[in-house]
Amino acid sequence: MQRALLMTGLALAAASAMPAQASAQATRVTLAPLEGRGSGPARRALGRALERRGYTVTMADSDPGDDVAASAALVAAAGTQALVGGTATGRRQRWRFHLWIRDHLGGAQGEVSLRVANPAGIRRLSARLDDALQGVPTSASPDAETPDEPAAPEPAVDDGGADPPGRVPEIVPAVVEPRSEDPPQTTEAALLRASVLIGAGVRTRRVELLSPDGVDAGYLVEPYFEVTAQAELHLMEVVFARVRFGSSAGLVSDREDPALQPVDSLFTWLRGDLGAAYWVDDVVALGAAFGVGWDRYELTFNELVPTIEYVHVRPAVMTGVRLVGRYLVVDAEAGVRVPFGVGDLEALHGVRHSVIGADGLIRLRGGSDLGFSWAAELGARRYWLTFERPDGEVTGTDGGWHATGYVGWEF
């Protein structure tokens with residue numbers, strides 16, 4: 001009986017001692033200076049995101065590096081419970097973060113890495129850092145609390161993410177003094193991004209029209225030179241508007257009979273698109289667009305093919321993969337063209353007709369932190385035509401491929 005009472009007393013004593021030795025999640029964080037170009041704005045953005053998640057953030061003036069004792073001293077001097085540091089490289093809210101976490105004794109507690117392209121990316125980074133800080137041990141004794149800490153902290157503003165269970169977030173505004181060498185962050189750079197590109201390349205065209213009376217028509221032009229231009233506007237890295245234009249340069253079509261004069265030729269196209277694309281984990285993009293286009297194949301009078309003009313609407317789907325951040329990206333796009341007319345073909349073969357088109361392209365593009373941008377693309381398009389006549393149907397195709405390179409600037 002005495003032995004049972006003794007064991008019960010020991011168990012109760014151990015249970016009463018456990019809260020004093022338990023670990024609690026860090027809610028006060030010291031943010032060390034980050035390394036890398038553009039790290040000043042990145043550090044301030046990360047600090048604000050952590051504050052919105054309920055953390056008390058103190059900006060340190062020095063980086064302890066790998067020194068465990070210096071890390072512990074920095075945390076103790078700030079009266080916080082964890083230390084976060086690392087690197088952030090990039091500009092205009094496009095950063096690559098690699099962060100390390102240390103506890104109040106200077107011990108390593110894990111790392112967090114993420115590419116960030118917009119404010120939503122900063123929120124994802126703060127959420128991952130929040131998850132990592134849940135495992136950081138801190139002393140739960142009252143002595144670990146700072147003397148001036150409010151007794152009844154106000155609830156934190158919800159940023160869309162869930163607070164860790166068991167933690168009552170507190171808001172103590174941190175005084176963040178921007179360093180003089182860091183340029184101020186502008187709202188326009190975060191919301192809008194524009195680019196203008198000019199390019200040159202080659203394009204082909206092949207037309208085949210098969211008539212029931214055996215009088216067929218054909219047209220073939222080998223790769224001809226083309227100049228192009230493109231302008232894009234992106235809003236919050238999601239919604240975009242794009243205008244593209246291209247025109248043949250120095251194109252002349254020769255007739256089969258050398259005794260006949262060449263045919264003056266001018267091939268021009270114009271397209272505008274409005275769409276949206278979402279980057280999954282800032283690596284893979286999924287999107288769609290809707291646009292209108294105009295293709296005009298202008299030929300002077302000849303005995304085979306007249307001037308053909310396609311005015312069309314074009315729904316499209318697109319995807320992309322960031323191979324090396326924004327410095328090397330591969331895109332793919334496919335669209336369906338629904339024309340409203342075919343130009344002089346109606347006068348030649350009749351107004352009762354059906355036309356449908358399709359196109360696709362793959363593009364490799366990139367840019368630099370200074371704003372220089374480039375792109376190279378390979379694509380193809382084709383129209384399928386059917387005309388109903390009293391003596392039968394005229395069927396045919398009109399299409400080709402192109403290869404174009406672009407250079408320009410992003411603003």
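Every number here is computed from the coordinates shown, using simple stated rules; none is lab data. Everything quoted here is computed from the prediction, not taken from an experiment. Virtual Cβ from ideal backbone geometry, glycine too; neighbours counted across all protein chains shown.
In a shell of Cβ-Cβ distance under 15 Å around residue 276, excluding residue 276 itself, what net charge do Lys and Arg (+1) and Asp and Glu (-1) give? The answer is -3.
Taking R0 as 41 Å, what's the FRET efficiency between residue 233 and residue 391 from their Cβ-Cβ distance, rounded to 0.05? Working from the Cβ atoms, E equals 0.20.
A simple spin-label model places pseudo-atoms 7 Å from Cα toward Cβ; at residue 48 and residue 131 they are separated by 2.5 nm. Between the C-alpha center of the stretch 223-256 and that of the stretch 199-222 there is a gap of 21 Å. Phi angles of the stretch 83-90 translate, via the Karplus equation with coefficients 6.51, -1.76, 1.60 and θ = phi - 60°, into HN-Hα couplings of 10, 10, x, x, 10, 8, 10, x Hz per residue; Gly and Pro are given as x. Segment residue 382..residue 330, full-extension length gain: 16.4 nm, with 0.36 nm per residue of separation and the alpha-carbon distance subtracted.
Over all other residues within a Cβ to Cβ distance under 11 Å of residue 288, the charged ones net out to -2, with Lys and Arg as +1 and Asp and Glu as -1. Label-to-label distance for residue 351 and residue 247 is 3.2 nm, based on points extended 7 Å past Cα in the beta-carbon direction. Computing Rg and the Kirkwood Rh from the Cα coordinates of the stretch 194-410 gives a ratio, Rg/Rh, of 1.03. Between residue 319 and residue 340, the modelled labels are 3.3 nm apart [label points 7 Å from Cα along Cα→Cβ].
Considering only 32, 57, 90, and ranking their Cα positions along the charge dipole of the stretch 20-144 that arises from unit charges at the beta-carbon of Lys, Arg, Asp and Glu, the one farthest toward the positive end is 90.
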